[in-house]
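Inspection log for the structure reproduced underneath, given as structure tokens.
The values are calculated or read from the model by the stated rules, or taken from the named source; none is laboratory data. Computed from a predicted structure; not experimentally measured. Glycine also receives a Cβ, built like all others from the backbone with ideal geometry; neighbour counts cover every protein chain displayed.
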């Protein structure tokens, strides 16, 4: 059993994981949950301290293999990175940022939520006058969130209720198990989504901001509704996306958008300000134990086509690089190896300064006003409320310092099939007969996917968008290999940790496919 004590900024979180009891360990078996304060303290551990950015970003089209596009022979930061980029099973690491880390810490957080819920029920049964609705609401939201991350990493994207019953999901843990091992069955994706929805809808009405000293480290009301908006977007319940996003965004979202005109003297200043809890754009801040920031300047980088189609590329209302990133994109090691935006800047916590050892932290802005705005815009398109969607996109466009006003005409003229840097073929209708993107909607959806890619760069959400829409991508690997991920490829569900499979949980299916033709098209900057 590993006992990891995380001290970061405003709170102390106890996080526990083991190869044998991912789903079942009481986060601190020395603590008797016999009062409100202890339950509230336990709920701090109901937020996963794992960062899924490495898995999701390397799987997506936000990174390239520098060895494929440059005359170099760089090594990866971790051998596991080579496996993830090639969509292979990750067998070379169980450390931070690995499938083992994400799986274990998410289920550890879920376990904390379940123990809190059991303790709440017991305390309320002993004292009918005691009502712990705020704690119950937070625990339910945390349980839903942990499973939401797990199902989107380790399973196929949600298609529809009928189609997704055939896709293997994850175990949905609702009991505070105290045994070291148990028999856990992977439910189908539809069942998992139904249980996430149940937890969200039950928990969201109980959330209160009053009990938190620093609300933005917890599921406060806006963060909970932003999560609900994202969940229902993935589930394609667009009326509910509007229901929750409208509450988050209010009458005028422009006053809450991130301020991009600030001057910063270092990457650390950008990193700290990006996760500033005083900023109205930040709704939920999540500290993680991660070395993701160290990937830049190695074999895999935000470079080439990945860079020119997002952070360093044109758009419908700007030319050259994205205006909000002017002066904020940095190089690591050498300019040829790509750039990074230090939203994921590392904070190192020394446990022994003499020995130079400690914990590496990357803190995530997990829910923001900007991403919620783009969720609403996407829902509005599918509800055929195009002018309102464009109005939301213009709010995003203006706040990111684009020099020209975004209009329907500009969107239609820029997002055309021949503009392949920014327009990818969507295969949503092949995944679900009910997921149809109409011709009149297509340019606006492509615009939203482009803006989402920029907004959530290095967060991992691009991978989820690629999965949602069945967008096919190709990775050039080294000097002589390419891998293409088709819309229905089984590798879109990252393989479970090897130790989890060894314990008896069903692995994700894998079919061997012939090695594709050895054709690599190197990207040339326009």
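Okay, here's what the table says:
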item: Of all residues in region 324-335 being surrounded by 13 or more Cβ atoms within 10 Å (Cβ to Cβ) and at pLDDT 90 or above, the one that is nearest to residue 281 (Cα to Cα); result: 324
item: Any hit, region 42-62, residues being over 22 Å from the mean Cα position of the chain (by Cα), at pLDDT 50 or above and either under 18 Å from residue 93 (Cβ atoms) or buried (at least 17 other Cβ atoms within 10 Å of the Cβ) (or both); result: yes
item: One residue from 82, 101, 95, 89 being surrounded by fewer than 24 Cβ atoms within 10 Å (Cβ to Cβ) and touching a strand residue (DSSP E or B) at 6+ places or on another chain (Cβ under 9 Å); result: 82
item: In region 296-323, the residues that are out of contact with any helix residue (DSSP H, G or I) (no Cβ under 8 Å at 6 or more places or on another chain) and at pLDDT 95 or above; result: 296, 302, 305, 306, 307, 308, 314, 318, 319, 323
item: Out of 421, 449, sole residue that is closer than 18 Å to residue 245 by Cβ and surrounded by 14 or more Cβ atoms within 10 Å (Cβ to Cβ); result: 449
item: Residue check, residue 125 more than 12 Å from residue 48 (Cα to Cα), at pLDDT below 95 and part of a helix (DSSP H, G or I); result: yes
item: Residue 135 vs. criteria crowded, with 18+ Cβ neighbours inside 10 Å and more than 24 Å from the chain's Cα centre (by Cα); result: yes
item: Residues of region 406-433 satisfying the condition of being under 25 Å from the mean Cα position of the chain (by Cα) and farther than 23 Å from residue 321 by Cβ; result: 425, 426, 427, 428, 429, 430, 431, 432
item: Matching option when the condition is in contact with a helix residue (DSSP H, G or I) (Cβ under 7 Å, 6 or more places away or on another chain), modelled with pLDDT of 95 or more and farther than 30 Å from residue 436 by Cα, among 249, 233, 206; result: 206
item: Residue under evaluation residue 338, criteria (1) in contact (Cβ under 8 Å) with a residue 60 or more places away in the chain; (2) touching a strand residue (DSSP E or B) at 6+ places or on another chain (Cβ under 7 Å); (3) surrounded by fewer than 23 Cβ atoms within 10 Å (Cβ to Cβ); (4) over 19 Å from residue 275 (Cβ atoms), criterion not met; result: (3)
item: Residue that is surrounded by fewer than 20 Cβ atoms within 10 Å (Cβ to Cβ), without any contact (Cβ under 8 Å) to a residue 24 or more places away in the chain and farther than 29 Å from residue 156 by Cα, where the choices are 412, 353; result: 353
item: In region 191-248, residue surrounded by the fewest Cβ atoms within 10 Å (Cβ to Cβ) [restricted to those that are over 25 Å from residue 381 (Cα atoms) and touching a strand residue (DSSP E or B) at 6+ places or on another chain (Cβ under 8 Å)]; result: 214
item: Close pairs from region 416-433: first farther than 9 Å from residue 469 by Cα, partner modelled with pLDDT under 95, Cβ under 9 Å, at least 6 apart; result: 421/526
item: Criterion violated by residue 228 - all others in (1) without any contact (Cβ under 8 Å) to a residue 40 or more places away in the chain; (2) assigned to a loop (DSSP other than H, G, I, E, B); (3) closer than 26 Å to residue 155 by Cα satisfied; result: (2)
item: Filter result (touching a helix residue (DSSP H, G or I) at 6+ places or on another chain (Cβ under 6 Å), more than 20 Å from residue 380 (Cβ to Cβ) and part of a helix (DSSP H, G or I)) within region 420-463; result: 462, 463
item: One residue from 156, 210 being closer than 23 Å to residue 505 by Cα, in a loop (DSSP other than H, G, I, E, B) and touching a residue at least 24 places away in the same chain (Cβ under 8 Å); result: 156
item: Matching option when the condition is modelled with pLDDT of 95 or more and not in a helix (DSSP H, G or I), among 185, 170, 270; result: 170
item: Flag if residue 255 is in a helix (DSSP H, G or I) and in contact with a helix residue (DSSP H, G or I) (Cβ under 8 Å, 6 or more places away or on another chain); result: no
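Residues are listed down the side, and each one gets a yes or a no for (1) closer than 23 Å to residue 232 by Cβ; (2) in contact with a helix residue (DSSP H, G or I) (Cβ under 7 Å, 6 or more places away or on another chain); (3) modelled with pLDDT under 95; (4) in a helix (DSSP H, G or I):
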site: 111; (1), (2), (3), (4): no, no, no, yes
site: 116; (1), (2), (3), (4): no, yes, no, yes
site: 121; (1), (2), (3), (4): no, no, no, yes
site: 148; (1), (2), (3), (4): yes, yes, no, yes
